[in-house]
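Have a look at the structure below, then the notes.
The values are calculated or read from the model by the stated rules, or taken from the named source; none is laboratory data. For clarity, every value in this text was computed on a predicted model and none was experimentally measured. Neighbour counts run over all protein chains shown; Cβ positions are idealised from the backbone, glycine included. When the accessible area is computed, the model is the full protein with side chains, heavy atoms only, and any ligands, DNA or RNA have been set aside. Shrake-Rupley method; radii C 1.70, N 1.55, O 1.52, S 1.80 Å.
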Number of protein chains: 2
Amino acid sequence: MPMLMLKNLPRYECLLEASKEFPDLDPSACEAFLHLLHAGDECFRAIELNLGRHNISQGRFGVLMCLMSQCRSDGVDAALSPAELADRAGVTRATMTGLVDTLERDGLVTRAPDQEDRRMMVVSLTAKGRQLLHEILPEHFQRMAILMHTLSEPERKTLVRLLHKIKEQAAKLAPPAAAHLASTG
Amino acid sequence: MPMLMLKNLPRYECLLEASKEFPDLDPSACEAFLHLLHAGDECFRAIELNLGRHNISQGRFGVLMCLMSQCRSDGVDAALSPAELADRAGVTRATMTGLVDTLERDGLVTRAPDQEDRRMMVVSLTAKGRQLLHEILPEHFQRMAILMHTLSEPERKTLVRLLHKIKEQAAKLAPPAAAHLASTG
DNA sequence: TCTCCATGGTTAGCTGCCTAACTATCAGCC
DNA sequence: GGCTGATAGTTAGGCAGCTAACCATGGAGA
């Protein structure tokens, strides 16, 4: 997520300086905030690097994961509609069309008309798609573990607790947009 | 950052279940990781909502902030080259061209040839751009404060400390891409 | 049965990100 | 001065996100 923030976090002294001009700026809050976004960004990149080596983006990867999760929980090779995929992925149906387009083009998913509702398509994982996931996931999870094992178990618990608090507050400031997204497009 | 993760975080039991199929998956690490990305996403959205009301994206906002920071530290209405902007913002020069295009179109920045190096343009903030920032920033910082004041000061310190650890690890897994970015494009 | 509204998937256009390529300019070396 | 390599900004094309609009289908109510 480039541009999420500037490359270098402002030094605390700069924040202090800026708070003279902008009284609403709380240096401590600003610092923590930027660190949170920065850390998220760095973690995102660490994971993305692995995906990029397999020529797949986070978005497409997410679609494949949705489809695979669906299979596993049912033990059946179930399929999902683009709308359902969009809902789970938190993007619009329009966006999902594009994602499924390229996934289908690459032979990772198939798309077929739904038998019961003529408005709908259904998307399912191909063997190739499943295979790709099995290639990707070991290192994907390893990287995740490497990153988070920087912290001890108690530290991770603390982190999750603090993050949970922030998320709750964020949900008040910005009601989940995902609820309307899959309807959009 | 849509698609960063699926809309709903998997329950811990699901992670446990998945770890049977994927031995590299550490449920605790995975949980903390996803929480971090989710929290970042939510905070991003909370801030973005305010920006959106002023018809400006995070990216364009960042450019304006770069230019304003440059002014303030010098006390002079200095300008930056697109390459310098790209470097600070962590995007490619190609991307910066587009951002500056729309900012210029909206009268928020001006672009002029550099006097000393005919290859270069210089970009500066207009009064309109500065004005927009002064309209945006109060609530921008308020939102930031609201979010981070969910935590006490000690909790924020803890959070920053933990995040710093993770970022260091991430830097090892994914060396800063920004170093090459501004050269790209 | 007909009408209206909701739903689904896609398209078009825009923005923002990337890479690769291009032209113009600059700097250093011979 | 000429040549070479580096640098700057832009363009083209692709991907991913959005909104709005569109057409087809489905469901509910009269």
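What is the Cα radius of gyration of chain B over 2.2 N^0.38 Å, N being its residue count?
So chain B has a normalised radius of gyration of 1.27.
Rolling a 1.4 Å probe over the heavy atoms of the protein chains gives segment B:23-125 an accessible area of 42 Å² per residue.
Each residue of segment B:103-113 was assigned a 3J(HN,Hα) from its phi angle through the Karplus curve 6.51 cos²θ - 1.76 cosθ + 1.60 (θ = phi - 60°); the sequence is 5, 5, 4, 8, x, 8, 9, 10, 10, 9, x Hz, with glycine and proline shown as x.
Counting only DSSP H runs of at least 4 residues, each contributing -39500 (n - 2.57), and dividing by the residue count of chain A, the helix-based mean residue ellipticity at 222 nm comes to -21500 deg cm²/dmol. When chains B and A come together, the accessible area they lose, probed at 1.4 Å and totalled over both chains, is close to 7600 Å². When a 1.4 Å probe is rolled over the protein heavy atoms, the share of accessible surface on segment A:27-185 that falls to carbon and sulfur comes to 54 percent. Legend: residue pairs A:Lys167/B:Lys128; A:Lys157/B:Lys157; A:Lys172/B:Lys157; A:Lys20/B:Lys128, Cα-Cα distance threshold 27 Å; pairs beyond threshold, A:Lys167/B:Lys128.
Distance from the B-onto-A rotation axis is smallest for the Cβ of the chain B residue given, in whole Å, as B:Gly40, 1. Scanning chain A for trypsin sites (Lys or Arg not before Pro) lying in DSSP loops with no more than 16 further Cβ atoms inside 10 Å, the longest uninterrupted stretch between such sites is A:12-117.
Rounded to 0.05, the FRET efficiency of the B:Asp101 and A:Thr97 pair, given R0 = 25 Å and the Cβ-Cβ distance, is 0.35.
Amide H contacts of A:Val122: A:Ala112, A:Asp114, each under 5 Å away and 5 or more positions distant or on a separate chain (H built 1.01 Å from N in the peptide plane; Pro and chain starts excluded).
What's the magnitude of the charge dipole for the protein assembly as shown around its Cα centre, counting Lys and Arg as +1 and Asp and Glu as -1 at the beta-carbon? Answer in Debye, nearest 20. Intermediate results must be reported in sequence, preceding the final value.
Details: 44 positive and 48 negative charges, 17 e Å.
Roughly 80 debye, rounded to the nearest 20.
Only the Cβ atoms of Lys and Arg (+1) and of Asp and Glu (-1) were treated as charged; on that basis the dipole of segment B:58-126 about its Cα centre amounts to roughly 180 debye.
In µm²/s, what is D for the protein assembly as shown at 4 °C and 1.567 mPa s, where D = kT/(6 pi eta Rh) by Stokes-Einstein and Rh is the Kirkwood radius from Cα pairs? Stokes-Einstein gives a translational diffusion coefficient of 59 µm²/s.
Counting each pair of different Cα atoms once, what's the Kirkwood radius of segment B:58-126 in Å, rounded to one decimal? The Cα-based Kirkwood calculation yields 11.8 Å.
Inter-label distance, B:Ala112 to B:Glu168: 4.6 nm, where each label sits 7 Å from its Cα along the C-beta direction.
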